[in-house]
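Following: one structure in C-alpha coordinates, then a few remarks.
The values are calculated or read from the model by the stated rules, or taken from the named source; none is laboratory data. If you're wondering where the values come from, they're calculated on a predicted model, not measured in any experiment. Cβ sites come from the backbone with ideal geometry, for glycine too, and all protein chains shown count toward neighbours. Each accessible area value is taken on the protein alone, full model and side chains, heavy atoms only, with ligands, DNA and RNA left out. Shrake-Rupley method; radii C 1.70, N 1.55, O 1.52, S 1.80 Å.
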Amino acid sequence: MRSVFCLETAIISPVLIYKALSELAGLFGLSRRGQLMVLVTCLFFFPLTLYASFLYGTVLGLVCSLLAIQQELMYFRDFRRRRILVASVGIALAIFFKNNYLIFFIGMLLLALLECIRQKKGRILVLVLMMAVCYVGQSVVPRTLIQLKTGYDMGNGMSSLAYIAMGLQENNQRASGWYNKYNDNSFNSADFDPDKQADVCMDDIIQSLRNFATGKRDAVQFFSEKTASQWNNPTFQCLWISQVRPSAISRSAWLRCVLSAPGSTAAAGYLNLLQF
(Lines give C-alpha, C1' and ligand atoms only; values in the text may rest on other atoms or scores of the structure.)
Protein backbone atom coordinates (compact mmCIF):
# COMPACT_ATOMS: atom_id res chain seq x y z
CA MET A 1 0.00 0.00 0.00
CA ARG A 2 2.85 2.34 0.87
CA SER A 3 4.62 1.67 -2.43
CA VAL A 4 1.41 2.32 -4.39
CA PHE A 5 0.93 5.61 -2.58
CA CYS A 6 4.55 6.56 -3.32
CA LEU A 7 4.04 5.79 -7.01
CA GLU A 8 0.86 7.85 -7.21
CA THR A 9 2.55 10.75 -5.43
CA ALA A 10 5.57 10.51 -7.72
CA ILE A 11 3.51 10.60 -10.90
CA ILE A 12 0.46 12.74 -10.16
CA SER A 13 1.65 15.39 -7.70
CA PRO A 14 4.61 16.80 -9.68
CA VAL A 15 2.49 16.97 -12.83
CA LEU A 16 -0.20 18.96 -11.00
CA ILE A 17 2.41 21.23 -9.43
CA TYR A 18 4.09 21.93 -12.77
CA LYS A 19 0.72 22.61 -14.39
CA ALA A 20 -0.31 25.00 -11.61
CA LEU A 21 3.01 26.88 -11.71
CA SER A 22 2.76 27.31 -15.47
CA GLU A 23 -0.82 28.58 -15.24
CA LEU A 24 0.10 30.94 -12.39
CA ALA A 25 2.86 32.31 -14.57
CA GLY A 26 0.20 33.05 -17.19
CA LEU A 27 -1.93 34.85 -14.63
CA PHE A 28 1.08 37.00 -13.76
CA GLY A 29 1.40 38.05 -17.39
CA LEU A 30 3.93 35.64 -18.90
CA SER A 31 3.45 34.67 -22.54
CA ARG A 32 2.90 31.10 -23.71
CA ARG A 33 6.63 30.87 -24.31
CA GLY A 34 7.26 32.02 -20.75
CA GLN A 35 4.85 29.42 -19.39
CA LEU A 36 6.65 26.76 -21.43
CA MET A 37 9.98 27.84 -19.94
CA VAL A 38 8.48 27.40 -16.47
CA LEU A 39 7.61 23.81 -17.35
CA VAL A 40 11.08 23.17 -18.79
CA THR A 41 12.74 24.54 -15.66
CA CYS A 42 10.51 22.34 -13.50
CA LEU A 43 11.53 19.25 -15.43
CA PHE A 44 15.18 19.94 -14.61
CA PHE A 45 14.32 20.23 -10.90
CA PHE A 46 14.44 16.59 -9.80
CA PRO A 47 14.04 16.99 -5.97
CA LEU A 48 10.27 17.17 -6.38
CA THR A 49 10.25 13.73 -7.97
CA LEU A 50 12.50 12.27 -5.27
CA TYR A 51 10.18 13.66 -2.60
CA ALA A 52 7.77 10.85 -3.50
CA SER A 53 9.58 8.74 -0.89
CA PHE A 54 9.22 11.49 1.72
CA LEU A 55 5.67 10.80 2.93
CA TYR A 56 5.42 13.96 4.98
CA GLY A 57 2.58 15.92 3.39
CA THR A 58 4.97 18.31 1.69
CA VAL A 59 4.16 17.49 -1.93
CA LEU A 60 0.43 16.95 -1.46
CA GLY A 61 0.19 20.16 0.54
CA LEU A 62 1.96 22.07 -2.21
CA VAL A 63 -0.48 20.73 -4.81
CA CYS A 64 -3.46 21.95 -2.78
CA SER A 65 -1.82 25.29 -1.95
CA LEU A 66 -1.03 26.13 -5.56
CA LEU A 67 -4.54 25.16 -6.64
CA ALA A 68 -5.99 27.38 -3.90
CA ILE A 69 -3.79 30.35 -4.87
CA GLN A 70 -4.69 29.91 -8.53
CA GLN A 71 -8.41 29.89 -7.77
CA GLU A 72 -8.09 32.93 -5.51
CA LEU A 73 -6.35 34.97 -8.21
CA MET A 74 -8.94 33.95 -10.78
CA TYR A 75 -11.74 34.87 -8.38
CA PHE A 76 -10.39 38.42 -8.21
CA ARG A 77 -10.97 38.61 -11.98
CA ASP A 78 -14.24 36.84 -12.69
CA PHE A 79 -15.83 36.51 -9.19
CA ARG A 80 -17.23 33.07 -9.85
CA ARG A 81 -18.58 31.69 -6.60
CA ARG A 82 -17.27 28.16 -7.08
CA ARG A 83 -13.73 29.53 -6.92
CA ILE A 84 -14.37 30.58 -3.31
CA LEU A 85 -15.14 27.00 -2.37
CA VAL A 86 -12.23 25.48 -4.31
CA ALA A 87 -9.72 28.00 -2.93
CA SER A 88 -10.95 27.61 0.66
CA VAL A 89 -11.10 23.81 0.63
CA GLY A 90 -7.77 23.64 -1.19
CA ILE A 91 -5.82 25.66 1.36
CA ALA A 92 -7.58 23.86 4.24
CA LEU A 93 -6.50 20.49 2.82
CA ALA A 94 -2.95 21.81 2.39
CA ILE A 95 -2.81 22.72 6.09
CA PHE A 96 -4.35 19.36 6.96
CA PHE A 97 -1.54 17.58 5.10
CA LYS A 98 1.19 19.81 6.57
CA ASN A 99 0.83 22.67 9.05
CA ASN A 100 3.63 24.64 7.38
CA TYR A 101 1.16 25.68 4.69
CA LEU A 102 -0.34 28.07 7.23
CA ILE A 103 2.17 30.48 5.67
CA PHE A 104 0.31 30.18 2.34
CA PHE A 105 -3.00 30.59 4.16
CA ILE A 106 -1.90 33.83 5.83
CA GLY A 107 -0.58 35.11 2.51
CA MET A 108 -3.90 34.37 0.81
CA LEU A 109 -5.80 36.18 3.56
CA LEU A 110 -3.59 39.26 3.32
CA LEU A 111 -3.87 39.27 -0.46
CA ALA A 112 -7.65 39.03 -0.29
CA LEU A 113 -7.84 41.94 2.15
CA LEU A 114 -5.57 44.06 -0.03
CA GLU A 115 -7.63 43.24 -3.12
CA CYS A 116 -10.80 44.14 -1.21
CA ILE A 117 -9.33 47.57 -0.50
CA ARG A 118 -7.93 48.01 -4.02
CA GLN A 119 -11.06 46.94 -5.90
CA LYS A 120 -13.49 48.28 -3.28
CA LYS A 121 -15.61 45.13 -3.58
CA GLY A 122 -17.04 43.69 -0.39
CA ARG A 123 -17.74 40.32 -2.00
CA ILE A 124 -14.06 39.49 -1.59
CA LEU A 125 -14.66 39.31 2.17
CA VAL A 126 -16.81 36.24 1.49
CA LEU A 127 -13.63 34.48 0.39
CA VAL A 128 -11.88 35.55 3.61
CA LEU A 129 -14.77 34.24 5.70
CA MET A 130 -14.96 30.93 3.83
CA MET A 131 -11.21 30.35 4.16
CA ALA A 132 -11.46 30.96 7.90
CA VAL A 133 -14.38 28.53 8.19
CA CYS A 134 -12.55 25.82 6.23
CA TYR A 135 -9.40 26.37 8.27
CA VAL A 136 -11.30 25.71 11.49
CA GLY A 137 -13.11 22.79 9.86
CA GLN A 138 -9.92 20.98 8.82
CA SER A 139 -8.98 20.77 12.48
CA VAL A 140 -12.34 20.28 14.19
CA VAL A 141 -14.07 17.85 11.80
CA PRO A 142 -11.39 15.08 11.73
CA ARG A 143 -10.95 15.27 15.51
CA THR A 144 -14.70 15.07 16.09
CA LEU A 145 -15.10 12.10 13.76
CA ILE A 146 -12.24 10.23 15.43
CA GLN A 147 -13.65 10.90 18.89
CA LEU A 148 -17.09 9.69 17.83
CA LYS A 149 -15.59 6.57 16.27
CA THR A 150 -13.26 5.67 19.13
CA GLY A 151 -15.05 7.22 22.11
CA TYR A 152 -11.73 8.67 23.20
CA ASP A 153 -11.23 12.35 24.04
CA MET A 154 -8.21 13.44 22.02
CA GLY A 155 -7.69 16.66 23.99
CA ASN A 156 -5.83 19.65 22.61
CA GLY A 157 -2.47 18.03 21.97
CA MET A 158 0.89 19.59 22.72
CA SER A 159 1.32 23.33 23.04
CA SER A 160 2.39 25.24 19.93
CA LEU A 161 4.80 27.15 22.16
CA ALA A 162 6.95 24.00 22.20
CA TYR A 163 7.91 24.58 18.57
CA ILE A 164 8.89 28.19 19.26
CA ALA A 165 10.98 27.15 22.25
CA MET A 166 12.65 24.40 20.19
CA GLY A 167 13.41 26.86 17.40
CA LEU A 168 15.42 29.02 19.83
CA GLN A 169 17.63 26.20 21.12
CA GLU A 170 21.12 25.09 20.19
CA ASN A 171 21.43 21.74 18.43
CA ASN A 172 24.62 19.70 18.60
CA GLN A 173 23.47 17.11 16.05
CA ARG A 174 21.99 19.48 13.48
CA ALA A 175 22.00 23.24 12.95
CA SER A 176 20.73 25.76 15.50
CA GLY A 177 16.97 25.73 16.01
CA TRP A 178 16.39 22.39 14.29
CA TYR A 179 14.16 19.57 15.51
CA ASN A 180 15.58 17.96 18.66
CA LYS A 181 12.53 16.18 20.17
CA TYR A 182 12.04 19.00 22.68
CA ASN A 183 8.32 19.20 21.88
CA ASP A 184 7.82 15.48 22.53
CA ASN A 185 10.02 15.34 25.63
CA SER A 186 8.47 18.43 27.24
CA PHE A 187 4.98 17.04 26.55
CA ASN A 188 5.90 13.74 28.21
CA SER A 189 7.46 15.53 31.18
CA ALA A 190 4.26 17.54 31.64
CA ASP A 191 2.21 14.31 31.83
CA PHE A 192 0.63 15.19 28.47
CA ASP A 193 -0.97 18.32 29.93
CA PRO A 194 -0.75 21.09 27.30
CA ASP A 195 -1.20 23.84 29.91
CA LYS A 196 1.70 22.57 32.01
CA GLN A 197 3.79 22.15 28.89
CA ALA A 198 2.97 25.70 27.80
CA ASP A 199 4.24 27.07 31.12
CA VAL A 200 7.52 25.16 30.77
CA CYS A 201 7.92 26.24 27.16
CA MET A 202 7.27 29.89 27.98
CA ASP A 203 9.97 29.78 30.66
CA ASP A 204 12.41 28.29 28.15
CA ILE A 205 11.50 30.90 25.53
CA ILE A 206 12.06 33.73 28.01
CA GLN A 207 15.39 32.20 29.04
CA SER A 208 16.52 31.96 25.40
CA LEU A 209 15.55 35.58 24.73
CA ARG A 210 17.28 36.65 27.93
CA ASN A 211 20.47 34.92 26.78
CA PHE A 212 20.29 36.78 23.47
CA ALA A 213 19.64 40.12 25.20
CA THR A 214 22.51 39.77 27.68
CA GLY A 215 24.99 38.62 25.05
CA LYS A 216 25.40 35.16 26.54
CA ARG A 217 24.46 33.91 23.08
CA ASP A 218 25.16 35.75 19.85
CA ALA A 219 21.72 36.31 18.31
CA VAL A 220 23.08 37.34 14.90
CA GLN A 221 25.23 34.23 14.63
CA PHE A 222 22.44 31.96 15.90
CA PHE A 223 19.80 33.15 13.45
CA SER A 224 22.29 33.42 10.59
CA GLU A 225 23.24 29.76 11.02
CA LYS A 226 19.62 28.74 11.41
CA THR A 227 18.49 30.64 8.31
CA ALA A 228 21.42 29.44 6.23
CA SER A 229 20.86 25.81 7.22
CA GLN A 230 17.20 26.05 6.19
CA TRP A 231 17.56 27.83 2.85
CA ASN A 232 21.11 27.26 1.57
CA ASN A 233 20.51 23.62 0.66
CA PRO A 234 19.54 23.45 -3.04
CA THR A 235 18.75 19.71 -2.79
CA PHE A 236 15.92 20.40 -0.30
CA GLN A 237 16.98 17.19 1.51
CA CYS A 238 15.69 15.06 -1.37
CA LEU A 239 18.88 12.97 -1.30
CA TRP A 240 19.24 13.01 2.47
CA ILE A 241 15.89 11.30 3.08
CA SER A 242 17.00 8.35 0.92
CA GLN A 243 20.45 8.26 2.50
CA VAL A 244 19.27 8.00 6.10
CA ARG A 245 16.20 5.78 5.69
CA PRO A 246 16.78 2.02 6.08
CA SER A 247 15.58 -0.13 3.21
CA ALA A 248 15.23 -3.85 2.61
CA ILE A 249 15.54 -3.28 -1.14
CA SER A 250 18.99 -3.70 -2.68
CA ARG A 251 20.08 -0.48 -4.39
CA SER A 252 21.46 -0.55 -7.90
CA ALA A 253 24.99 0.61 -8.66
CA TRP A 254 23.91 3.89 -10.26
CA LEU A 255 21.63 4.73 -7.32
CA ARG A 256 24.43 4.04 -4.83
CA CYS A 257 26.59 6.36 -6.91
CA VAL A 258 23.99 9.14 -6.83
CA LEU A 259 23.47 8.83 -3.08
CA SER A 260 27.19 8.63 -2.30
CA ALA A 261 29.12 11.63 -1.00
CA PRO A 262 30.66 12.49 -4.42
CA GLY A 263 27.36 11.91 -6.20
CA SER A 264 25.26 14.00 -3.84
CA THR A 265 27.91 16.76 -3.88
CA ALA A 266 27.75 16.87 -7.68
CA ALA A 267 23.93 16.90 -7.58
CA ALA A 268 23.99 19.75 -5.05
CA GLY A 269 26.33 21.72 -7.30
CA TYR A 270 24.01 21.26 -10.28
CA LEU A 271 20.91 22.22 -8.29
CA ASN A 272 22.67 25.21 -6.79
CA LEU A 273 23.36 26.47 -10.32
CA LEU A 274 19.78 25.74 -11.40
CA GLN A 275 18.36 27.50 -8.34
CA PHE A 276 20.57 30.54 -8.92
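Miscellaneous remarks
- Size of charge dipole - the chain - debye, nearest 20, with Cβ of Lys, Arg +1 and Asp, Glu -1, no other charges: 1120 debye
- Among 210-217, 246-253, the order from most to least packed when residues are scored by Cβ within 10 Å on average: 210-217, 246-253
- Whole-Hz couplings from phi, Karplus 6.51/-1.76/1.60, listed for region 93-109; x for Gly and Pro: 5, 4, 5, 4, 6, 7, 4, 4, 6, 4, 4, 5, 4, 5, x, 5, 5
- Comparing LEU16, LEU145, LEU111 in a Gaussian network model of the chain where C-alpha atoms under 10 Å apart are linked, the largest mean-square fluctuation is found at LEU145.
- Taking the inverse of the mean 1/r over every pair of distinct Cα atoms in region 168-276 gives a Kirkwood hydrodynamic radius of 17.1 Å.
- Accessible-area composition of the chain, carbon plus sulfur, in percent [1.4 Å probe]: 65 percent
- Whole-angstrom gap from region 156-178 to region 91-131, using each part's C-alpha centre: 28 Å
- Look at the alpha carbon pairs under 8 Å that are at least 6 residues apart: their mean separation over the length of region 1-129 gives a relative contact order of 21 percent.
- Rounded, prolate or oblate (a/c below 1.5 giving rounded, otherwise prolate when a/b exceeds b/c) for region 15-78 by Cα gyration tensor: oblate
- Cα shape, region 58-162, gyration tensor, a/c 1.5 rule: prolate
- Probing with 1.4 Å while keeping every protein chain in the model, the per residue accessible area of region 151-230 equals 64 Å².
- Solvent-accessible surface of region 10-141, taken per residue with a 1.4 Å probe and all protein chains present: 56 Å².
- Based on alpha-carbon atoms, the Kirkwood radius and the radius of gyration of the chain give Rg/Rh equal to 0.99.
- Each part gets one Cα centre, and for region 39-79 versus region 227-245 those centres are 19 Å apart.
- Accessible surface ranking that places the most exposed of TYR135, TYR51 first, with a 1.4 angstrom probe: TYR135, TYR51
- Relative contact order (percent, whole number), the chain, Cα cutoff 8 Å, 6+ residue spacing: 13 percent
- Positive-end residue, the chain charge dipole about Cα centroid, Cβ charges, pick of ALA190, SER224, CYS64: CYS64
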